[in-house]
Each structure stands twice: as structure tokens, then as C-alpha cells.
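The values are calculated or read from the model by the stated rules, or taken from the named source; none is laboratory data. All values derive from a computational prediction rather than experimental measurement. Positions of Cβ are backbone-derived with ideal geometry, glycine not excepted, and every protein chain shown enters the neighbour counts.
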Amino acid sequence: MRGSDQRTGELFSYVDLEKRVPAEHPLRLVRSVVNEVLAALDGDFSKAYADSGRPSIAPERLLRALLLQAFYSIRSERQLMEQLDYNLLYRWFVGLGVDEAVWVPTVFTKNRDRLLEADVARKFLAELMEHKQLRKLLSDEHFSVEGTQIVAWASMKSFKAKDGSDDPPGPGRNGERNFHGQKPSNATHASSTDPQAQLYRKGRGKEAKLSFMGHALMENRTGLVVAAMVTQATGTAEREAAEAMIVHHSPGARRITLGADKGYDAAAFVADMRALNVTPHIAQNLSGRRSAINARTTRHPGYTVSQQKRKRIEEPFGWGKTIGGLARPMLRGVRKLAFKFTLTMASYNLIRLPRLIEAIA
């Protein structure tokens with residue numbers, strides 16, 4: 001018998017969001033963990049908001065929505081608001097009822113920026129890694145560190161001489177620029193769109209781009225990110241960021257190992273790591289100079305294991321750029337990018353959690 005194509009009445013609705021989401025859906029575990037982490041941050045949220053005035057978007061809902069944006073590759077906050085309006089799974093995860101109105105995109109963005117002052121993304125990642133579901137998965141001894149290039153939301157046409165000596169770009173916003181014969185550098189030029197972006201070349205033969213650097217500290221057993229930060233793109237940014245994350249995460253209380261590529265093979269960095277009670281399992285840079293890593297380190301079997309494990313740190317970077325929106329974030333400045341990058345690394349940890357829990361069950 002042919003079914004009817006007539007629409008049912010819309011005057012009353014009895015939609016229960018809890019029943020619409022399958023019991024075995026992986027986001028159920030993720031949402032449970034996220035809610036417990038957000039509850040632990042309640043005091044930080046209270047400090048970021050005034051006691052009186054017009055109620056804003058609840059920070060808990062705002063952060064859940066931003067996590068969804070990373071999970072499902074939603075390219076902008078305007079599109080995120082659009083999909084929240086009709087996607088019942090998204091409404092359930094964020095905490096919106098079926099009949100609740102979604103937020104205006106600009107209002108959502110303004111409320112998101114308020115959380116930058118409270119450093120919420122870093123605190124969320126730190127609290128997440130202390131959660132009982134993740135803590136049991138982690139090792140306290142073996143880590144890896146790496147940095148990745150994040151292309152800035154700024155055009156090369158905006159990279160102009162600081163003293164204003166550039167030729168006029170021509171009529172209109174997209175006037176022609178002749179770069180032939182010019183040798184722009186960060187010392188003499190800056191982007192008028194994003195002054196904090198730096199001209200950076202990933203390697204020999206690569207194109208120089210206006211960029212930032214994202215840094216992550218990974219635990220070797222499961223490949224989860226335990227610390228993250230963003231800096232300007234410089235030749236020493238990776239080593240400086242690695243030391244800052246190590247000092248914050250493990251300030252010499254216990255001996256740990258740190259795997260890294262040969263870009264970290266510098267005598268000063270290795271000495272600093274040893275002073276922090278860190279065994280530097282760093283790849284040797286043997287291209288025309290003496291490596292700071294010798295047989296004192298390389299003779300141990302653990303060094304070989306660290307060199308194998310450290311390559312997994314490319315996985316969160318790859319996920320963040322292909323899924324999480326880090327390929328070229330539509331944000332400007334270190335602070336906003338640091339919020340986005342750190343929350344994306346937390347999203348990577350969360351999206352892997354259901355399978356990790358299943359594997360040890």
C-alpha cells in the first residue's frame with residue numbers, strides 16, 4: 001500500500017531530543033565528559049561576567065557550539081547558527097530546546113571574544129586532561145612536541161613597508177602590486193590587515209606566507225594533546241614554546257622524556273631541557289654541524305621508541321587542518337588564533353575518546 005505524502009499537523013509537537021539521539025551515539029560520551037569539565041570551570045565563568053545587566057549567551061552553550069564547529073567542519077559561525085536552527089543533534093549537544101531561538105552570529109562572536117580574557121580554551125584543555133575518563137589513558141613520563149604553520153587570514157598585498165615607501169597599489173582595493181626585485185622582510189614590512197602575522201617559510205624551496213605557529217605537547221601512549229599554544233612565526237618559536245609548555249605541564253617534579261624532530265637539536269635547548277629534569281629524545285641534526293644529542297641518549301632503547309612515537313603528533317595537526325578549520329582560520333591576531341587552536345586540539349582529544357574507552361574496556 002502506498003504511503004501518504006500529506007504533512008501532519010504542526011500545532012503541537014512532542015519531540016523529545018533525548019529520544020531522538022541514539023543511545024550508542026558517540027557524542028553521548030563526549031557530551032557527558034564536556035559537561036563535567038564545564039562544571040569544573042564554573043568559577044572561572046563567574047569571574048568573566050558581571051553580576052547584573054542583560055543575560056548573555058551561557059558560556060557552557062557557547063563552548064559546546066564551538067566544539068561542534070570543529071567536530072563537523074562547519075566553516076563559519078554564521079553557518080553554525082544556521083545549522084543549529086534545524087539540526088536536532090546539534091541542539092541536543094549544545095543544550096538548546098526544540099523551540100528555543102538560535103543566536104545572531106555577531107552576538108555569538110562578541111560573546112566568544114569575552115572568553116579570551118579568561119583564557120578559557122587553555123583552562124578547558126587542562127581540565128579535560130585531568131578528567132577521570134582521560135587521566136587513566138595517559139602516561140606521566142613520555143611526551144613529544146612539535147609546531148605547525150598556520151596561514152594567517154591576510155593577503156600578501158597587505159604586507160607593506162613600515163615606512164610607507166611602497167609604490168601605490170593602484171586604484172581599488174585589488175590594485176596591482178609588482179613584487180619583482182623586492183626583498184620584503186619582517187624587519188622592514190608588516191601586514192596592514194594583521195600586524196602580528198609574520199612572513200614565514202616552512203622549508204627550503206617553499207613559498208613564504210604570512211603565518212603564525214601552532215605548538216602542541218603530546219602524550220606518547222595515546223597520542224592525545226596535553227598542552228597547546230600559538231605564537232608568532234619565528235625561527236626560534238618552536239623551541240621557546242616547547243620550553244614554556246614543559247615548564248607549565250611538568251616543572252621538574254619528575255623525570256620525563258621529550259621526543260622532537262631535528263629542528264629542536266640546539267645545544268641551548270637541550271641544556272635547558274636537562275635542567276628541567278627532561279631527557280631530550282630529539283632527532284640528531286647531522287647536516288654539517290655537531291649534534292647536541294650523543295650516545296649518552298641514543299644508546300637507550302627508549303630513544304628509538306620516542307622517535308617512532310613522536311611522529312603521531314602530526315595526526316592532531318592533520319585533523320585540525322582538514323576537519324577542525326585550522327587550514328586557514330578566519331581570525332586575526334595571536335589571542336584569537338590561540339583560542340581556536342587550543343579548542344581544536346581539545347576537540348581532537350574528545351573525538352577520539354569513545355574509541356579509546358572502547359579499546360580498554
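The residues in segment 240-254 that are closer than 20 Å to Glu219 by Cβ, surrounded by 12 or more Cβ atoms within 10 Å (Cβ to Cβ) and of a type in the set (D, E, K, R) can be counted, and the count is 1.
If the condition is being assigned to a strand (DSSP E or B) and under 19 Å from the mean Cα position of the chain (by Cα), then segment 218-259 contributes Met218, Glu219, Val225, Val226, Ala227, Ala228, Met229, Val230, Thr231, Gln232. The residue pairs whose first member lies in segment 216-237 and is surrounded by fewer than 20 Cβ atoms within 10 Å (Cβ to Cβ), whose second member is of a type in the set (S, T, N, Q) and not in a strand (DSSP E or B), and whose beta carbons are closer than 7 Å, counting only pairs six or more residues apart or on different chains, are Arg221/Ser139; Gln232/Gln196. Comparison of Gly302, Gly320, Gly325 shows that the only residue that is in a helix (DSSP H, G or I) and under 30 Å from Gln79 (Cα atoms) is Gly320.
Scanning segment 328-361 for residues that are among the small types (Gly, Ala, Ser) and either part of a loop (DSSP other than H, G, I, E, B) or surrounded by fewer than 17 Cβ atoms within 10 Å (Cβ to Cβ) (or both) turns up Gly333, Ala359, Ala361. Could you check segment 313-327 and list, in sequence order, the residues that are surrounded by fewer than 18 Cβ atoms within 10 Å (Cβ to Cβ) and of a type outside the set (Ser, Thr, Tyr)? Scanning segment 313-327 gives Glu314, Glu315, Gly318, Ile323, Ala327. Scanning segment 277-295 for residues that are surrounded by 18 or more Cβ atoms within 10 Å (Cβ to Cβ) and modelled with pLDDT of 90 or more turns up Val278, Thr279, Pro280, His281, Ile282, Ala283.
If I filter segment 37-54 for residues that are of a type outside the set (A, V, I, L, M, F, W, C), crowded, with 19+ Cβ neighbours inside 10 Å and farther than 30 Å from Ala283 by Cβ, do I get at least one hit? Checked segment 37-54: no residue is of a type outside the set (A, V, I, L, M, F, W, C), crowded, with 19+ Cβ neighbours inside 10 Å and farther than 30 Å from Ala283 by Cβ. Does Ala39 satisfy the criteria of being within 20 Å of the chain's Cα centre (by Cα) and part of a helix (DSSP H, G or I)? When the stated conditions are applied, Ala39 does not pass them. Of the helices (runs of 4 or more DSSP H) entirely within segment 72-171, those holding at least 3 residues that are surrounded by 14 or more Cβ atoms within 10 Å (Cβ to Cβ) occupy 77-86, 88-94, 105-117, 120-129. Being surrounded by fewer than 21 Cβ atoms within 10 Å (Cβ to Cβ) and not in a helix (DSSP H, G or I): is that true of Gly263 here? Answer is no for this residue.
Selection of segment 239-277 for residues being among the β-branched types (Val, Ile, Thr), within 21 Å of Lys311 (Cα to Cα) and either touching a residue at least 24 places away in the same chain (Cβ under 8 Å) or touching a Leu at 6+ places or on another chain (Cβ under 6 Å) (or both) yields Ile246, Ile256, Thr257.
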